[in-house]
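Everything below concerns the one structure shown next.
The values are calculated or read from the model by the stated rules, or taken from the named source; none is laboratory data. Since we're looking at a predicted model, the values are computed, not measured. Neighbour counts run over all protein chains shown; Cβ positions are idealised from the backbone, glycine included. In case anyone asks, the SASA skips ligands and DNA or RNA and just uses the protein heavy atoms, side chains included. Shrake-Rupley method; radii C 1.70, N 1.55, O 1.52, S 1.80 Å.
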Amino acid sequence: MGGETMPNLDLRDYISQLSNDDLVVINEPVTRDYDITALCMELDKKNYDKVLLFKNIKDYDMPIVTNLFASRERILQMIGCTEKDFSKKWLKAEENRIKPLVVPTGPVHEIVQRDMEINVCDLPIMRHFETDAGRYVTSGVVVAKDPETGIRNLSFHRLMIKANNKMGISLHSRQHLWNYLNAAQERKMPLEIAVIIGAHPLVILAASAKTSIEVDEYDIAGALLGEPLELVKGKTIDVEYPANAEIVLEGRILPDIFEDEGPFGEYTGYSTSRSTRNVFEISAICHRQNPYYVSIVAGPSADHLNLMRVAKEALVWERLKERIPTVRRIHYPKSGVNFHCIVSMAPGAVGAVRQALMLLFGLDPYLKLVIAVDEDIDITDESAVMWALATRMQGDQDIFIVPKVFTNRLDPSSSEGMGAKVGIDATTPPNSDAIKLEVNPLHLEQISAILNDMK
Ligand code: MN
């Protein structure tokens, strides 16, 4: 007794606390390949953002959870903040980190499969698009340790089934895990990794953090949870993972072995073959009894785009408003697949609009189009933004283009890692005498009864 603490909240706690406004359970039988993606893509087009829990997967006992991050509102609730204090709260979690705690055992070790028992095909890993090279894990959080410093890293990588105990993995974003792998390669050593499939959504969100290579993302997960994240040691690797994760694959990325991986349907809405072609050999599969399999909706879904952007957006917004006090809000429209950003601004110093647009390109190197509008424009409404372009912008005066700048290689129109940056000032020109039409709220109130009858 004494010193005992409550275990961390897990994915099941999170799901059980969701109301019907945020969760829908699908009991009809579905096939894992294509069908789930087809349904998710249709729902995504309609901006349907509830968590989807598929209980009846043909040929599998495991339920599939997807669309966890499709709603911005739900992400804010997970973090425990509002839109207004989101960026501060996120950066605070990155700053005031809480170290994890290694515990002797946890539910993730209820089932441990090794050697001949290993068969990744026992998991309902889906094929998403006909252009995909195979079945892919899309929610895999890869945990590894820096071979030099021992500092852990968490990051997302797509994984493709190759054999019962072998998967292809791509590190094409070339971030911290890529550095770790290179350090291991220099030592002619494999890189041990754990792949987490399903954990409390805050643990998954923490893996999206874009901090320095010295920061262990488990510490950020702890800050977001408000308590140390409980970890267990791997059974076959020297890498720790959450004690209450749903499913974990243990194994090694092999040195100097490369095999075809991809193409895969990426968040740009295109199938891409861009891959580092690495190979992951599985040494154990650990999971809870009756585990939930978590998937991130593939392709240009809100689920995928939101998860990739949350941490970055917090940093971009905080830095932008530090420098340009007249900025009011930023928004990454879904159609822009995280390459477009709209910023609303109050009137300010001469040239402040272009300064803000240029700063956005500096803060987020993947942006290719940024548009500034006045405060009266709802930047989350793309037709309102287009109206501002139609009536407040002249192409010869209000657009600037910077050619050949570093950009995201997944943009199929980019070339050799470079692209043009386009800034558009769609704020009202200074000497405009245009009078915007408005409906007086008093008149709105007078017709409200008729309006309600018509609904
Ligand atoms: Mn990192």
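Using only side-chain charges placed at the Cβ, +1 for Lys and Arg and -1 for Asp and Glu, the dipole size of the chain relative to its Cα centre rounds to 720 debye. If you take the Cα centroid of the range 263-303 and the Cα centroid of the range 145-172, the two points sit 11 Å apart.
Using a/c under 1.5 as the rounded threshold, could you call the chain rounded, prolate or oblate? The axes a ≥ b ≥ c are square roots of the C-alpha gyration tensor eigenvalues, and prolate needs a/b larger than b/c, oblate otherwise. Prolate, since a/c reaches 1.5 and a/b exceeds b/c. Under 5 Å between amide hydrogens, built in the peptide plane, is the criterion, and for Val294 it picks out Val65, Gly198 among residues at least 5 positions away or on other chains. Amide H to amide H, with H built 1.01 Å from N, Arg329 comes under 5 Å of Ser344, counting only residues 5 or more places away or on other chains.
Overall, the accessible surface of the range 93-153 at a probe of 1.4 angstrom is composed of carbon and sulfur to the extent of 48 percent. The phi torsions of the range 92-106, fed into the Karplus equation with coefficients 6.51, -1.76 and 1.60 and a -60° offset, translate into couplings of 5, 5, 5, 7, 8, 7, 10, 5, x, 10, 8, 10, x, 7, x Hz, rounded to whole numbers, with Gly and Pro shown as x. A simple rule links phi to the HN-Hα coupling: the Karplus curve 6.51 cos²θ - 1.76 cosθ + 1.60 with θ = phi - 60°, which for the range 127-143 gives 9, 9, 10, 5, 7, 5, 6, x, 8, 10, 7, 9, 9, x, 9, 8, 10 Hz, with x for Gly and Pro.
Taking amide H positions as modeled 1.01 Å from N, with prolines and chain starts lacking one, the residues under 5 Å from Val51 and 5 or more places away or on another chain are Leu23, Val24. Helix 176-186 versus the longest principal axis of the chain: what angle, 0 to 90°, nearest 10, using Cα atoms? It works out to around 40 degrees. Sorted on the mean count of surrounding Cβ atoms within 10 Å across their residues, most packed first, peptides 270-277, 134-141, 361-368 read 134-141, 361-368, 270-277. Look at where the Cα atoms of the range 416-455 and of the range 1-49 average out, and the two centres are 36 Å apart.
Defining a contact as two alpha carbons under 8 Å apart and six or more residues distant in sequence, what relative contact order in percent does the range 345-403 show?
Working: 26 pairs, mean separation 14.8, N = 59.
It rounds to 25 percent for the range 345-403.
Apolar share of the accessible surface for the range 304-455: 58 percent from carbon plus sulfur atoms, 1.4 Å probe. Solvent exposure of the chain, expressed per residue, is 47 Å² of accessible area, with all protein chains present and a 1.4 angstrom probe. If you plug the beta carbon distance of Arg174 and Asn27 into 1/(1 + (r/R0)^6) with R0 = 45 Å, you get a FRET efficiency near 0.60.
Sequence-ordered 3J(HN,Hα) estimates for the range 249-263 from the Karplus curve with 6.51, -1.76 and 1.60 and θ = phi - 60° stand at 9, 9, x, 9, 8, 6, x, 6, 10, 10, 9, 4, 9, x, x Hz, glycine and proline given as x. Close lysine pairs were tallied over the range 1-155: pairs 8 or more places apart or on different chains with Cα atoms under 25 Å apart number 10. Does the range 1-123 come out rounded, prolate or oblate by the C-alpha gyration tensor, with a ≥ b ≥ c the root eigenvalues, rounded set by a/c under 1.5 and, if not, prolate when a/b is larger than b/c and oblate if not? Oblate shape, in that a/c is at least 1.5 and b/c is the bigger or equal ratio. Along the axis of the charge dipole computed for the range 150-302 (Cβ charges of +1 for Lys and Arg, -1 for Asp and Glu, origin at the Cα centre), the listed residues Val239, Ala284, Gly150 are led at the positive end by Ala284. If you average the alpha carbon positions of the range 208-232 and of the range 342-400, how far apart do those two centres end up, in angstrom? First find each Cα centre; the distance between them is then 35 Å. Taking Cα atoms only, the orientation of helix 382-392 departs from the longest principal axis of the chain by about 30 degrees.
Rounded to the nearest 500, what is the chain's calculated 222 nm mean residue ellipticity when only DSSP H runs of at least 4 contribute -39500 (n - 2.57) each, over all residues? The partial results should precede the final answer.
Values: 12 runs with 119 residues, N = 455.
Counting only the DSSP helices, I get -7500 deg cm²/dmol.
Set the Förster distance to 30 Å, then compute FRET efficiency between Glu214 and Met418 from the Cβ-Cβ distance, nearest 0.05. It comes out at approximately 0.50.
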